[in-house]
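The values are calculated or read from the model by the stated rules, or taken from the named source; none is laboratory data. Computed from a prediction, not measured in an experiment: that's the story for all the values here. FYI the Cβ positions are ideal-geometry reconstructions off the backbone, even for glycines, and counts take in every protein chain you see. Heavy atoms of the whole protein, side chains included, go into the accessibility calculation; ligands, DNA and RNA do not. Shrake-Rupley method; radii C 1.70, N 1.55, O 1.52, S 1.80 Å.
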Amino acid sequence: MHIPLAYHASHEQFPPSQLLRWAIRAEAAGFNAIHSSDHFFPWTNAQGHSGFSLSWLGAAMQATQIPFSVICAPGGRYHPAVLAQATATLCELFPNRFSIELGSGEALNEAILGKWPTKATRNTRLQLCEQAIRLLLEGREITMEGLVEINRAKLFTLPKERPPIFIAAVSEETAARVSDWSEGLLTTASTPEEAQRKIKAYAGDDDSRPVFLQYAFSFAPTKEEALESAYQYWKTMLLEPEQLAELKRPEHFEAATAHITREDMSGKVPLFTSWKELEAALKRFEHPNIRRIILHNLHHDHDYLFDAFERKD
């Protein structure tokens with residue numbers, strides 16, 4: 001593979017201590033980076049975890065040497081000034097190893113604060129928060145009024161270099177909308193064709209614009225085991241983006257996915273039993289804009305993936 005590969009650490013499915021061990025294991029196996037999720041609730045009760053990603057990042061980055069990134073939503077649980085401070089601290093501790101990806105958020109994680117804003121409001125808030133975080137990381141003192149309230153905030157501990165700020169987009173429409181002001185794009189795709197459409201919407205013909213692509217699959221000794229784990233823990237992968245953003249509790253996701261069968265999962269989730277098989281699928285995604293492919297393994301045992309990756313079999 002010519003594109004760097006990142007291991008996805010799913011805080012909603014595993015305890016932080018396990019993810020720390022797997023981050024160390026991923027680096028030893030040869031992964032080029034680590035990518036972290038950020039959840040207050042898991043998608044379902046079966047997943048059963050929701051460690052605090054910003055605490056975990058300090059521990060995981062201290063224990064490794066490779067780059068890290070995290071996807072999170074400013075303006076809700078995280079005030080943008082606080083998120084900028086956390087980012088600056090990680091970058092000062094671990095120079096040139098951290099980048100942050102900002103999204104408009106999901107009710108599952110943000111509605112604990114009370115009212116859940118409309119999508120249009122969240123989109124506007126995201127852009128304002130990105131601007132605030134960028135300016136704060138550049139050492140500016142800022143004040144904002146209105147949708148995002150900031151009163152003379154200024155960071156005194158800054159990294160030598162400001163980290164890149166990516167914006168997350170699930171749809172082509174969102175990728176196009178953030179194109180004018182985003183420094184990079186984080187997106188998902190199940191096929192190369194889907195990835196190319198989103199990259200085109202974001203970057204046009206400019207191959208200098210960086211994209212991180214997250215690819216979900218289930219990797220196990222047998223296709224049957226890979227399917228069963230995906231079915232038990234990740235039926236939510238088949239929900240529409242609107243449902244993923246608007247449902248507020250694990251119980252709501254369980255109700256929304258109750259009709260999904262193993263056959264449905266088999267037709268939609270890639271299943272692999274060898275690294276060569278997975279690598280062949282990943283090579284189809286190679287694109288000038290893609291700077292990193294984030295591997296999200298839906299199976300509950302990631303050691304099997306690391307072993308196969310080390311052996312390249």
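Numbers below:
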item	result
Sulfur and carbon atoms: percent of accessible area, region 1-51 [1.4 Å]	58
Whole-Å distance, taken between Cα centres, linking region 1-45 and region 210-282	16
Cut-off 20 Å, label 7 Å out along Cα→Cβ of E240, residues of region 252-267 by amide N	252-261, 264-265
Long-range amide H partners of A168 with built H, under 5 Å	L102, G103, L186
J(HN,Hα) series, region 102-118, from Karplus relation 6.51 cos²θ - 1.76 cosθ + 1.60, nearest Hz, glycine and proline x	10, x, 6, x, 10, 4, 3, 9, 10, 6, 4, 7, x, 5, 9, x, 5
Of all DSSP beta bridges in region 93-227, antiparallel share, percent nearest 5	20
Two-decimal Rg to Rh for region 175-313 - Kirkwood Rh, Cα set	1.00
Accessible area per residue, Å², the chain with all protein chains present, probe 1.4 Å	43
Residue range of the chain that is longest and free of chymotrypsin sites (Phe, Trp or Tyr not before Pro) which are both DSSP loop and sparsely packed (at most 14 other C-beta within 10 Å)	182-313
Listed residue (W234, L5, C91) projecting farthest to the positive dipole end of the chain, Cβ model	C91
Per-bin percent of Cα-Cα distances, the chain [10 Å]	6, 27, 37, 24, 5, 1
Acute angle (nearest 10 degrees) that the helix 223-233 long axis makes with the longest principal axis of the chain, alpha-carbon atoms	40
Stokes-Einstein diffusion coefficient of region 242-313, Kirkwood radius over Cα pairs, 25 °C, 0.890 mPa s, in µm²/s	162
Folded to 0 to 90 degrees: helix 192-203 orientation relative to the chain principal axis, Cα	10
Residue-averaged [θ]222 nm for the chain, counting only DSSP H segments that reach four residues, each worth -39500 (n - 2.57)	-12000 deg cm²/dmol
Residues with amide H under 5 Å from that of M144, placed H, sequence gap 5 or more	I150, N151, R152
Other-chain or far-sequence residues with amide H under 5 Å of S36's (modelled H)	A9, S69, V70, I71
GluC sites (Glu not before Pro) restricted to DSSP loop in region 210-313 with at most 14 other C-beta within 10 Å	E286
Debye, to nearest 20: dipole size of the chain, +1 on Lys, Arg Cβ, -1 on Asp, Glu Cβ	620
Nearest-ten-degree value, helix 119-137 long axis tilted from longest Cα axis of the chain	70
Share antiparallel - DSSP beta bridges, the chain, percent rounded to 5	5
